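J.: Can you read through this structure? Questions will come right after.
The values are calculated or read from the model by the stated rules, or taken from the named source; none is laboratory data. Keep in mind it's a predicted model, so treat the numbers as computed, not measured. Here Cβ is always computed from backbone atoms with ideal geometry, including for glycine, and neighbour counts include all displayed protein chains.
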Amino acid sequence: MKTAISNRFKLQFSILTIVFLTTLLFSGCELFLNEAVDCIAKVKPKLPDNNLAEGKLGIEYFETITASATNHVNDDDFAYYFNMIGRPPRGINYVFDHRKIYFSGIPTEKGTFSFSIDLSIGDGLVFNDDGICFSDDSTSKIYTIIIN
């Protein structure tokens, strides 16, 4: 008798679960589903591995770093937040512009200049972190510019 009741309860619970998930899927409750998908296939920021081009003292320099987001079809859907620790050579300025960092100018000093770029991404919506998804929404890389 207990087995029959237990099996009937499992069947009812399974049916209820299927109905609930189907309702969420088709009721426009995209926010919950998007968070669940983000938790499983976490979107993470990514910086390219390549070093920056070498430059020459007194000669115009231009280089770009383009960030991206893993596990998402459109990298432009996110807000990108950059921070630089260290500095490029004097005479070379940098600008953070959405997914890109532009370096340009005329270097006024020779040497090897390493700096760290920290990157985090967001989607413009603010959610409280419920602690369910343990993933880092930031990354950093060290880049080097050599001026001869």
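J.: Taking strands (runs of 3 or more DSSP E) that do not extend beyond region 55-117, which have at least 2 residues that are more than 19 Å from the chain's Cα centre (by Cα)?
T.: By residue number, 61-66, 92-97, 100-105.
J.: C39 passes all but one of (1) at pLDDT below 90; (2) assigned to a loop (DSSP other than H, G, I, E, B); (3) within 18 Å of the chain's Cα centre (by Cα); which number fails?
T.: Condition (2) is where C39 drops out.
J.: Any residue in region 98-115 that is more than 14 Å from L47 (Cβ to Cβ) and free of Cβ contacts under 8 Å to residues at least 40 places away in the same chain sitting within a Cβ distance under 8 Å of a residue that is assigned to a loop (DSSP other than H, G, I, E, B) and charged (D, E, K, R)? List the pairs, counting only those 6 or more apart or interchain.
T.: From region 98-115, the pairs are F113/R87.
J.: Another question about this same structure. Search region 93-139 for residues being of a type in the set (S, T, Y) and modelled with pLDDT of 95 or more, and hand back the single one that is farthest from G55 (Cα to Cα).
T.: S116
J.: Select from region 50-86 the residues that are of a type in the set (A, V, I, L, M), at pLDDT below 90 and either in contact with a strand residue (DSSP E or B) (Cβ under 7 Å, 6 or more places away or on another chain) or buried (at least 17 other Cβ atoms within 10 Å of the Cβ) (or both) and list them in ascending order.
T.: A69, A79, listed by residue number.
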